[in-house]
There are 2 protein chains.
Amino acid sequence: MSKSDQALVTGRENPEEDLPMAAEVFTAAQVLAGKIHRTPILTSRALNTACGAEIFLKCEHLQKVGAFKARGAANAVAQLPAGTRRVATHSSGNHGAALAWAAAEQGLACTVVMPENAPAAKRAAVAAYGADIVLCAPTLAAREGTLAELVAETGAHVVPPFDDRRVIAGQGTVAQEIIGQCRELGFTPDLIVAPVGGGGLLAGTGLAASALAPEIKVLGAEPAGADDAQRSFRSGQRVTEQTPETIADGLRTTLGVRNYSIIRKTVNDIVTVSEDDIREALTLIWTRTKQLVEPSAAVSLAAVLAHPARFKGKKVAVVLTGGNMDLTAIGELLI
Amino acid sequence: MSKSDQALVTGRENPEEDLPMAAEVFTAAQVLAGKIHRTPILTSRALNTACGAEIFLKCEHLQKVGAFKARGAANAVAQLPAGTRRVATHSSGNHGAALAWAAAEQGLACTVVMPENAPAAKRAAVAAYGADIVLCAPTLAAREGTLAELVAETGAHVVPPFDDRRVIAGQGTVAQEIIGQCRELGFTPDLIVAPVGGGGLLAGTGLAASALAPEIKVLGAEPAGADDAQRSFRSGQRVTEQTPETIADGLRTTLGVRNYSIIRKTVNDIVTVSEDDIREALTLIWTRTKQLVEPSAAVSLAAVLAHPARFKGKKVAVVLTGGNMDLTAIGELLI
């Protein structure tokens, strides 16, 4: 969709004004019902002891395609402009697989622009869902250029990985489910912790929680080696440049425009964790809960372990975001 | 307990007559309620496609201590002779940790005789539950001798890993739960597949299923490199010697006396799988369900993959027995 087409739909040219409302999260939940899993919440006495808090793990690594990204992609695909035959995106990670899956479910064609150095497992996942893969040089410019050419040639509709109101609303359904599941268990969590990369999940979480249960504190968790979101949040100015250095490969991107606007308004704070914190949390999750999550998924729990004073004795919902990784890397990630 | 003490309790000197009845499984389920987890059953579309059957994974790797062994150990500890202050066993695996845990829950002392070459992770687990560890040479004779000395010195009550009616009855609660959970979902499984090493789980499974739903076929799954149970089952004579060669370290033991007697009467067949079958099943479980199970736990699913004609289109409950392993070994186990 061109910028002016988008303005026709939303009535707004400026992305900072093109923000989803909480109601769009609730609509997304209805759209997604039956298409995605209502993932379980796991608890572990060993984890509670290690954290000095009551931890509720929201298991999005058990989601379709093994990551919460299925939510945003499916929500976007459910509200495409009439006549759309093909969707496209650029991705080296879970969003590409999620869009490929969501498109296939609706009988649509899909192209994913991937950097040549994307892991073989990620390419295989995208291909397995039947999407076309176009390889490009591993730079943002090459990815965006290749995608633009492809749109010009095929008329594909682009579904961005995070800076998109449909995607943010879809990811917000994670928090809506957490709040509903906790209430079924008879309580409201004191905090929800979600990792932040481009900010789709964290913005959606803030949006949903502030509407449904404003007493819940929403915290973003970010690798210190890719801390643009914390710097943006604390300075009041969106940071768009960084040289990420982190094993949490899903969190190397910088915050989107829409994401930053929502996070500023609805999130309580963003905390950072070291690489060792991430490895400690990963090891704890693998050994104690037997859940195979990817490094990015351990960043929320790492935040609880690294900042115990903020969480002591609290009920903390922690989002495990995904479980897609090269299993041969486990040995070197253990602490 | 000496042989004559045991005869006082059971009224029988001969272990082949000292067999649990199905009612003891049902009693065990009541004894264990609140002490152990009612573990979830997981399904996966990808797994169903790979198997050509409907697979229901009973997640005993999410059980207390990370293995179904918690059931038998807790059931035995709940019916110790009056005045017992200390329990003991020899184990290089999950039974030692399970007994250590069960004893600690009841405020009892526990000693576990472990071979010097037991993995550090297993020793750490036993120690973490507060049990005393006595190391010995890595032979069965040394293990039994050391345990006998220890019993003579301390008066500890021995809880054997599988050849024990309380342990068999406890492990049988896995199948009782499977049948109950499937009925809640509106069906009865066509088959239950459980791995067989010493035969505690498989005997308990046969016992429970034959009483609760005799129409269910119970199959044992065994590594071809440790196939004493299949040879025993098919020849009608219990095989007591083998030189096991398998990555499924929990299944290297030979069938117990009580276990063999029950299995002969209540189990439909025992099938074997190759080491590659086990690695294929492990890889499938890890990558598709994101569940970190140990090699022995994949043997049931390996049986479904290796013998498709037996399972085609059927509803198959598959027991994932445990999740305790050295995670650095994952790379070399992948296929």
Compute the acute angle (0 to 90°) between the alpha-carbon long axis of helix B:200-212 and the principal axis of greatest extent of the alpha-carbon atoms of chain B; round to the nearest 10°. 70
Along the Cα→Cβ direction, 7 angstrom out, place labels at A:A128 and A:Q30. What is the inter-label distance in nm? 3.4
At the level of C-alpha centres, the distance separating the stretch B:61-99 and the stretch B:273-329, in angstrom, is 25
Is the stretch B:1-134 best put as rounded, prolate or oblate by its Cα gyration tensor, with a ≥ b ≥ c the root eigenvalues, rounded for a/c under 1.5, and otherwise prolate when a/b is larger than b/c, oblate when not? oblate
Run through every distinct alpha carbon pair of the stretch A:175-244 and return the Kirkwood hydrodynamic radius in angstroms, one decimal place. 13.1
If we count other beta carbons within 10 Å of each Cβ, what is the order of B:T287, A:T266, fewest first? B:T287, A:T266
Directionally averaged shadow of the protein assembly as shown, computed from the convex hull of its alpha-carbon atoms, nm²: 29.3
Please report the relative contact order for chain A, taking Cα pairs under 8 Å with a sequence separation of at least 6, and give it as a percent rounded to a whole number. 21
Of A:A141, A:M114, A:A100, which is farthest towards the positive pole of the stretch A:77-158's charge dipole, taken about the Cα centre with +1 and -1 on the beta-carbons of Lys, Arg and Asp, Glu respectively? A:A100
What list do you get for B:K64, A:K314 if you sort them by fewest beta carbons within 10 Å? A:K314, B:K64
The ³J(HN,Hα) series, computed from each phi in the stretch B:147-158 with the Karplus coefficients 6.51, -1.76 and 1.60 at θ = phi - 60°, rounded to the nearest Hz and given as x for glycine or proline, is 5, 4, 4, 5, 5, 4, 6, 10, x, 5, 8, 7
Size of charge dipole - the protein assembly as shown - debye, nearest 20, with Cβ of Lys, Arg +1 and Asp, Glu -1, no other charges: 1520
Taking every Cα atom in chain A, find the radius of gyration and the maximum pairwise distance Dmax, and write them in Å. 18.5, 56
Explain nothing, just the number: dipole magnitude of chain B about its Cα centre with +1 on each Lys and Arg Cβ and -1 on each Asp and Glu Cβ, in debye rounded to the nearest 20. 880
About its Cα centre, the stretch B:6-125 carries a charge dipole, from +1 on Lys and Arg Cβ atoms and -1 on Asp and Glu Cβ atoms, whose size in debye to the nearest 20 is 540
Ranked highest first by the average count of other Cβ atoms within 10 Å around their residues, in what order do A:122-128, B:90-96 fall? B:90-96, A:122-128
For the protein assembly as shown, give me the percentage of DSSP beta bridges that are antiparallel, rounded to the nearest 5 percent. 10
Virtual spin-label span in nm between B:T49 and A:E144, 7 Å along Cα→Cβ: 3.5
I need the shape label for the stretch B:241-335. Rule: rounded when a/c is under 1.5, else prolate if a/b > b/c, else oblate, with a, b, c from the alpha carbon gyration tensor. oblate
Would the stretch B:70-158 count as rounded, prolate or oblate if I go by the C-alpha gyration tensor, calling it rounded below 1.5 in a/c and otherwise prolate when a/b exceeds b/c, oblate otherwise? oblate
B:P81 label points, 7 Å along Cα→Cβ, one per copy: pairwise distances from this copy to the rest in nm, shortest first? 8.4
Would you order A:F162, A:F187, B:F68 from fewest to most other beta-carbon atoms within 10 Å of each residue's own beta-carbon? A:F187, A:F162, B:F68
Take peptides B:103-115, A:291-303, A:194-206 and line them up by average Cβ neighbours within 10 Å, highest first, as a rough protection proxy. A:194-206, A:291-303, B:103-115
Calculate the FRET efficiency for A:R85 and A:A309 from the Cβ-Cβ distance with a Förster distance of 45 Å, rounded to the nearest 0.05. 0.25
Shortest first and in nm with one decimal, please list how far the B:D276 label point sits from its counterparts in the other copies (point 7 Å along Cα→Cβ). 4.5
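Any read-out appearing in this document is the output of simple, stated calculations on the displayed coordinates, not a laboratory observation. On a predicted model such as this, the values are computed, not experimentally measured, just so you know. As a convention, Cβ positions derive from the backbone with ideal geometry for all residues, glycine included, and neighbour counts pool all protein chains shown.
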